Amino acid sequence: MLYIPCPHCGLCNETEFHYGAEAGVAYPDPNALTDSEWAKYLHIRANPKGWFAERWVHFAGCGRWFNLWRNTITHEIGLAYLPFTTQPKAPGNTGQEGSRA
Amino acid sequence: MTNTPDTLPPGKIGRRKAAMLPEQPPQLWRSVKARKSYDVIIVGGGGHGLATAYYLAKNHGLSNIAVLEKGWLAGGNTARNTTIIRSNYLWDESAAIYEHSLKLWETLEEDLGYEMFFSQRGVLTLAHSVSDVRSKRRSFYANALNGIDCEWLTPAEVKKLVPIINISEDVRYPVHGATYQPRGGIAKHDWVAWGYAKAASDLGVDIIQGTEVTGFNIQNHKVQGVQTSQGDIAAGKVALVAAGHSSILANLAGFSIPIQSRPLQALVSPLYEQVLNTVVMSGAVHVYVSQAHKGELVMGAGTDAFNSYAQRGSFHVIEHQLAAALELFPIFSRAKVLRTWGGIVDIAPDASPIIGLTPVENLFINTGWGTGGFKATPGSGWLMAHTIAHGSPHELNRPFALDRFITGHLIDEHGAAGVAH
């Protein structure tokens, strides 16, 4: 069980949250994209081995979405931050070796 | 274990059976050092990779093949699944590809000359609500139209088949019916890998463990070889068959794939007398259970919600799975958990596999089998070998190409594949 720091409610059990995968994916203008660019927006998300900035929603608490740095090898939790704010740097140097090319 | 009468008896039968396991040959595969160059390099020494190598050699006459495995042979998902085999998928494309695999299973022991305890004891998939019944009956009719053996069972018929199951109405998830595929079953997973490894090695395939692929040599969008922890190896063709790490490898080769990697957990009990002679699955309550040949109960859980490469999952997922198992099988309440483990599964947006070409010439990929790759081991290897040998997909895996995410021809198997395998 992860303990996740909700920026609004503090540390809570993982079972109070739903997962939202990669954070910071901007919504594009669908009319401006080719089929393959649209497919990339729709289906391709980063899947790194190491630190990962990802989205969570605290459905059993404040009900709000936020972003979180979490390590996908060790399950260490890093900083939580609000959407549309500046992304803090990834903790440590474990890197994003598998981040989107 | 206590001696109360309602405790499951320790498995005397199990121990007798264990003593009856056939002896292994003194050597299963040749221990070799990597050569400087191969016609085909397969990245990933699990069941799918070894099967690919075997069928490349057997069906297509190639022998200058290497299988590179970063850890030990079949130490990933091949050794971490619940060994369920079936082909009762919803869509035509899936039914065709999984049925092709099931047919290969039916003659695999003879083909490889190696016993792997393939047991067609049937697979039961339970329905627990009105909507569950509707979707399972839809699958049942779809299977019938595709010529796949399938029966619809009432709760009383389920009880007849599985006497220890609880079909009372006053539980949280009552059994309202089930689909049943009699030809489904289980096999001994590590023996499957060993059988393929032995047969491939006998045909000249080099199996090289402890060698991690760390990069690719690519010129003019054409793969020339791989970089490994043991140095560079040239290759005419390269196949990525490394479930759990497909995204990492694809990124090293300069392209992205629509895959997310998640933990999937399972557990076994100690050996008990045989109480369950078929496979019981329930997608709605996230549990699937069978009793292996020696007598251990093998149970699978759902995936964790988050991406991970840790090969372990959350305790609450196991807790949820066991709560469901106990409601269905009250007799399990005194059984012990011997061991739990996790594997990392590569999941595509439509819960269907990706088998075929990549943006890099002569580089092929086989991934996205999600929570149910074990059953596909023979078929996946057979089709991957065809795709590599011909440089283009077989009719059966053409629909499972990477470009379906651009054309929109997704094969949505969340219903049949989502959790329960």
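The values are calculated or read from the model by the stated rules, or taken from the named source; none is laboratory data. Predicted model, so just to flag it, every value in this text is computed and none were measured. Positions of Cβ are backbone-derived with ideal geometry, glycine not excepted, and every protein chain shown enters the neighbour counts. All accessible areas refer to the heavy atoms of the entire protein, side chains included, with ligands and DNA or RNA removed. Shrake-Rupley method; radii C 1.70, N 1.55, O 1.52, S 1.80 Å.
Placing +1 at every Lys and Arg Cβ and -1 at every Asp and Glu Cβ, with all other atoms neutral, what dipole size does the protein assembly as shown have around its Cα centre, in debye to the nearest 20?
Numbers: 43 positive and 44 negative charges, 172 e Å.
My answer is approximately 820 debye.
Taking +1 at the Cβ of each Lys and Arg and -1 at the Cβ of each Asp and Glu, which of A:62, A:38, A:78 sits farthest along the dipole of region A:3-81 towards its positive end, judged by Cα position relative to the Cα centre?
Final value for the positive-end residue is A:78.
Is there a quick way to get the dipole size of region A:3-81? I mean about its Cα centre, with the Cβ of Lys and Arg at +1 and of Asp and Glu at -1; what is the value in debye to the nearest 20?
On the way: 6 positive and 8 negative charges, 25 e Å.
For this selection, approximately 120 debye.
Using every Cα-Cα pair within the protein assembly as shown, state what percent have a distance larger than 39 Å. Each step should come with its number before you reach the end.
Values: 34337 of 135981 pairs.
In whole percent, the share of Cα-Cα pairs in the protein assembly as shown beyond 39 Å is 25.
On a 1.4 Å probe surface of the protein chains, which of A:1, B:116 comes out largest in accessible area, and what is the full order?
Values: A:1 90, B:116 0 Å².
Largest to smallest exposure gives the sequence A:1, B:116.
In debye to the nearest 20, how big a dipole does chain B give about its Cα centre with +1 on each Lys and Arg Cβ and -1 on each Asp and Glu Cβ?
Details: 35 positive and 35 negative charges, 147 e Å.
Dipole of chain B, to the nearest 20 debye: 700 debye.
Using a 10 Å cut-off on Cβ to Cβ distances, tally the other chain neighbours for every residue of A:47-54 and report the average as a whole number. Walk me through the intermediate numbers first.
Numbers: counts 17, 6, 11, 1, 0, 3, 0, 2.
Mean inter-chain Cβ contacts per residue within 10 Å come to 5.
I'd like the projected area of region A:1-82, averaged over all directions, using the convex hull of its alpha carbons. Report it in nm² with one decimal.
Values: hull surface 23.9 nm².
Over every viewing direction, the Cα hull of region A:1-82 projects on average to 6.0 nm².
Hey, what number do you get for chain A at 222 nm if only DSSP H runs of n ≥ 4 count, each worth -39500 (n - 2.57), divided across all residues, to the nearest 500? Let's see the in-between values first.
On the way: 1 runs with 9 residues, N = 101.
Rounded to the nearest 500, the figure is -2500 deg cm²/dmol.
Starting from the residue with the highest accessible area, list B:413, B:106 in decreasing order, probe 1.4 Å. The partial results should precede the final answer.
Details: B:413 0, B:106 65 Å².
Ranked list, largest accessible area first: B:106, B:413.
So which cysteines in the protein assembly as shown don't have a second cysteine's C-beta under 4.7 Å from them?
Taking the Cβ cut-off of 4.7 Å, the unpaired cysteines of the protein assembly as shown are A:12, A:62, B:150.
Compute the acute angle (0 to 90°) between the alpha-carbon long axis of helix B:315-328 and the principal axis of greatest extent of the alpha-carbon atoms of chain B; round to the nearest 10°.
40
Loop by DSSP (not H, G, I, E, B), at most 14 other beta-carbon atoms within 10 Å: where is the longest site-free stretch of chain A for GluC sites (Glu not before Pro)? Walk me through the intermediate numbers first.
Working: sites that count: A:76, A:97.
Answer - A:1-75.
Residue by residue through B:308-317, how many Cβ atoms from other chains fall within 10 Å of the Cβ on average?
Numbers: counts 8, 10, 6, 1, 1, 0, 5, 1, 5, 3.
Mean partner-chain Cβ count within 10 Å for B:308-317: 4.
How many angstrom lie between the C-alpha centres of region B:315-353 and region A:55-72?
25
Using +1 at the Cβ of each Lys and Arg and -1 at the Cβ of each Asp and Glu in the protein assembly as shown, identify which of B:353, B:269, B:402 lies farthest towards the dipole's positive end.
The listed residue farthest towards the positive side: B:269.
Can you give the mean number of other chain Cβ atoms that lie within 10 Å of the Cβ atoms in peptide B:247-260? Show your work: numbers first, answer last.
Details: counts 10, 5, 1, 3, 10, 3, 1, 1, 2, 9, 3, 7, 4, 7.
Partner-chain Cβ atoms within 10 Å, mean over residues of B:247-260: 5.
Please work out the Cα center distance from region B:356-398 to region B:184-215, rounded to the nearest Å.
Region B:356-398 and region B:184-215 have Cα centres separated by 16 Å.
At 1.4 Å probe size, what's the solvent-accessible area of residue A:55? Round to the nearest 10 Å².
Around 80 Å² of this residue is reachable by solvent.
Using per-residue counts of other Cβ atoms within 10 Å, averaged over each peptide, order B:265-271, B:346-352 from highest down.
Top to bottom by mean Cβ count within 10 Å: B:346-352, B:265-271.
Along the charge dipole of the protein assembly as shown, Cβ charges K/R +1 and D/E -1, which of B:101, B:215, B:88 sits furthest on the positive end?
B:215
With everything on Cα atoms, drop me the angle between helix B:47-60 and the longest principal axis of chain B, reported from 0 to 90° to the nearest 10.
Between the helix axis and the principal axis of chain B, the angle is about 60 degrees.
Hey, got a sec? Which GluC sites (Glu not before Pro) in region B:125-183 land in a DSSP loop and have at most 10 other Cβ atoms within 10 Å? Please list the in-between numbers first.
Values: sites: B:151, B:157, B:169; in loops: B:169.
Here the GluC sites (Glu not before Pro) that fit, given the DSSP loop and packing criteria, are B:169.
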